[in-house]
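*Asks:* Sharing a structure, written as structure tokens. Questions coming.
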Amino acid sequence: MVLLVAWLVWLVALPSYALSHTETVDATPDGQRGASHPGTLVLLVGNDERQNLTTKQQKELGTGTQTGLRTDTMLLLYMPPHGKNVLISLPRDSYLPIPEHGHNKLNAAYSIGGAKLLVRTIEKATNLRVDGYVEIGLGGFVEVVDAVGGVDVTLDKPMVDQDSHTNLPAGTQTLDGVQALGYVRMRKADPLGDLGRVKRQQKVASQVAKKALSPWTFINPVRYWNLNKAASHAVKLGSDTSALTTLKTARGLMKASGSDGIKMTVPLSSTSAYTSAGSSVLWNDEKAAQLWDALRNGDTSKVTGLS
């Protein structure tokens, strides 16, 4: 009985400690917000900030040495009261109105005004209120993937890309954190470009969440410790993102990867349109509006086929 109680205390105390040491970021926009909805909408962001990486880490991860804030990954996870969870990729080159900054690519919102302007831009484009914000950097991504024991992928042919330091053979394999980072960042050698990358990002995000919440994580004290330790300094949460929303996000990602979930990209009309920001991605306004309307009504049964 004593051992059981001690184990339960360990299961509760460790994530509580990790959450208390997790960095927060102001991601709550000022002024008018997006429309309320019956579910929970969380924005997941992967940034490529390099300033916290050593020169050796930058070389190992193939990040380059650019300065400033950028986003490689933007995913919206919608969890309705009933029905299937939806994980929606927002291509970083989406050409959208950035409040008070004209039209530009979506990742420019983060570069210009950080998390707050990025959330404001997405709320303006979707007219949906974002309830939670979760951000992870390059180094943190590597650490979290390693903490869950890697991710499994199957490649029909070898994946080689010099820019992202990716060199993977064909076949089924388990990727460690460094390999997984190259796998989700590579786009120049992918014939689908950024669209191919967003599919890989969805796959890895869902698999990490699934492994993090697997029974083996809670049974294995080493893995449980490593995961919570990694999460405590790898992840940034919106200052208004509660512990409950954080837990729901992990469970929602896991569900989105299975038969109880839907993975999609926002409906597009062009992937190579010429704009004032250069080659850009354009949303299909009609289908995108249908998607946001469905989420606003809490009915995810109507989103299949819109992507």
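*Asks:* Rounded if a/c is under 1.5, else prolate if a/b beats b/c, else oblate: with a ≥ b ≥ c from the C-alpha gyration tensor eigenvalues square-rooted, which is the stretch 153-307?
*Replies:* Working: a/c = 1.85, a/b = 1.16, b/c = 1.59.
Judged from the Cα gyration tensor, the stretch 153-307 comes out oblate (a/c at least 1.5, b/c at or above a/b).
*Asks:* Each label point is 7 Å from the Cα along the Cα-to-Cβ direction; what then is the distance between the points at N167 and K199, in nm?
*Replies:* Modelled inter-label distance: 2.6 nm.
*Asks:* If you don't mind, another one. Under 1.5 on a/c is rounded, so check that first for the stretch 227-307, then, if it is not, pick prolate when a/b is larger than b/c and oblate when it is not; a ≥ b ≥ c are the square roots of the alpha carbon gyration tensor eigenvalues. Don't skip to the answer; put the middle values down first.
*Replies:* Numbers: a/c = 2.34, a/b = 1.47, b/c = 1.60.
Since a/c reaches 1.5 but b/c is at least a/b, the shape of the stretch 227-307 is classed as oblate.
*Asks:* Pick from Y17, Y133, Y95: which residue has the top mean-square fluctuation in a GNM of the chain where Cα pairs under 10 Å get a spring?
*Replies:* Y17
*Asks:* How many nm is it between the label spots at A6 and W225, if each spot is 7 Å from the Cα in line with the beta carbon?
*Replies:* Each label point lies 7 Å from its Cα, and together they span 1.4 nm.
*Asks:* Just D285, D131, D176 to compare: in a GNM of the chain, with alpha carbon springs under 10 Å, which one fluctuates most?
*Replies:* D285
*Asks:* If amide hydrogens are placed 1.01 Å from N in the peptide plane, which non-local residues have theirs closer than 5 Å to the one on S269?
*Replies:* It is L282, W283, N284, by chain and number.
*Asks:* May I ask which residue of N167, G238, S269 lies farthest towards the positive end of the charge dipole of the chain, with charges of +1 (Lys, Arg) and -1 (Asp, Glu) on Cβ and the Cα centre as origin?
*Replies:* N167
*Asks:* So, one more: How large, in percent, is the carbon and sulfur part of the accessible surface of the chain at a probe radius of 1.4 Å? Write out the running numbers ahead of the final one.
*Replies:* Numbers: 8100 of 14790 Å².
Result for the chain: 55 percent of the exposed heavy-atom area is carbon or sulfur.
*Asks:* Looking at the chain, send over the antiparallel percent of its DSSP beta bridges, to the nearest 5. Display every interim value, and only then the final one.
*Replies:* Working: 31 of 45 bridges.
Expressed as a percentage, antiparallel bridges in the chain total about 70.
*Asks:* Right, here's the next one. In sequence order, what are the phi-derived ³J(HN,Hα) couplings for the stretch 19-27 according to the Karplus relation 6.51 cos²θ - 1.76 cosθ + 1.60 with θ = phi - 60°, rounded to whole Hz, with x for glycine and proline?
*Replies:* Each residue of the stretch 19-27 in turn: 5, 5, 9, 7, 5, 10, 9, 6, 10 Hz.
*Asks:* Going by average Cβ density within 10 Å per residue, which order do the peptides 296-307, 5-16 take, highest to lowest?
*Replies:* Per-residue mean Cβ counts within 10 Å order the peptides as 296-307, 5-16.
*Asks:* With the Cα gyration tensor of the stretch 195-240 giving a ≥ b ≥ c as the square roots of its eigenvalues, does the rule (a/c under 1.5 for rounded; else a/b larger than b/c for prolate; else oblate) give rounded, prolate or oblate?
*Replies:* Details: a/c = 2.69, a/b = 1.35, b/c = 2.00.
Taking the square roots of the gyration eigenvalues as a ≥ b ≥ c, the stretch 195-240 is oblate.
*Asks:* Pairs of alpha-carbon atoms within less than 8 angstrom and 6+ residues apart define the contacts here; what relative contact order does the chain have, in percent?
*Replies:* Numbers: 583 pairs, mean separation 78.7, N = 307.
Answer for the chain is 26 percent.
*Asks:* Go through the stretch 178-278 and name the trypsin sites (Lys or Arg not before Pro) that are in a DSSP coil and have 16 or fewer other Cβ atoms within 10 Å of their Cβ.
*Replies:* Details: sites: R185, R187, K188, R197, K199, R200, K203, K210, K211, R223, K229, K236, K248, R251, K255, K263; in loops: R187, K188.
For trypsin sites (Lys or Arg not before Pro) across the stretch 178-278 that sit outside H, G, I, E and B with at most 16 neighbouring Cβ atoms in 10 Å, the list reads K188.
*Asks:* For H101 and A35, what is the calculated FRET efficiency with R₀ set at 25 Å and r taken between the beta-carbons, to the nearest 0.05? Present the calculation step by step, with values, prior to reporting the outcome.
*Replies:* Working: r = 23 Å, r/R0 = 0.90.
Plugging the Cβ-Cβ distance into 1/(1 + (r/R0)^6) gives 0.65.
*Asks:* Using volume of the Cα convex hull per residue in Å³ as the read-out, say which of (1) 126; (2) 140; (3) 158 was calculated from these coordinates.
*Replies:* Read-out taken from this structure: (2).
*Asks:* Using the Cα centre of the chain as the reference point, and only Cβ charges (+1 on K/R, -1 on D/E), how large is the resulting charge dipole? Debye, rounded to the nearest 20.
*Replies:* Working: 32 positive and 27 negative charges, 75 e Å.
For this selection, approximately 360 debye.
*Asks:* May I pose another question? Distance in nm between label sites at I112 and K188, each 7 Å beyond Cα in the beta-carbon direction?
*Replies:* My value for the distance between the label points is 2.7 nm.
*Asks:* At 1.4 Å probe size, with no ligands or nucleic acids counted, give the accessible surface of E23 in Å², nearest ten.
*Replies:* Solvent-accessible area, nearest 10 Å²: 100 Å².
The values are calculated or read from the model by the stated rules, or taken from the named source; none is laboratory data. Predicted, not measured: the structure shown is a model, and the values here were computed from it. Using ideal geometry, Cβ is built from the backbone for each residue, glycine included, and neighbour counts are taken over all protein chains shown. To get the accessible areas, we keep the full protein, side chains included, count just its heavy atoms, and leave off ligands, DNA and RNA. Shrake-Rupley method; radii C 1.70, N 1.55, O 1.52, S 1.80 Å.
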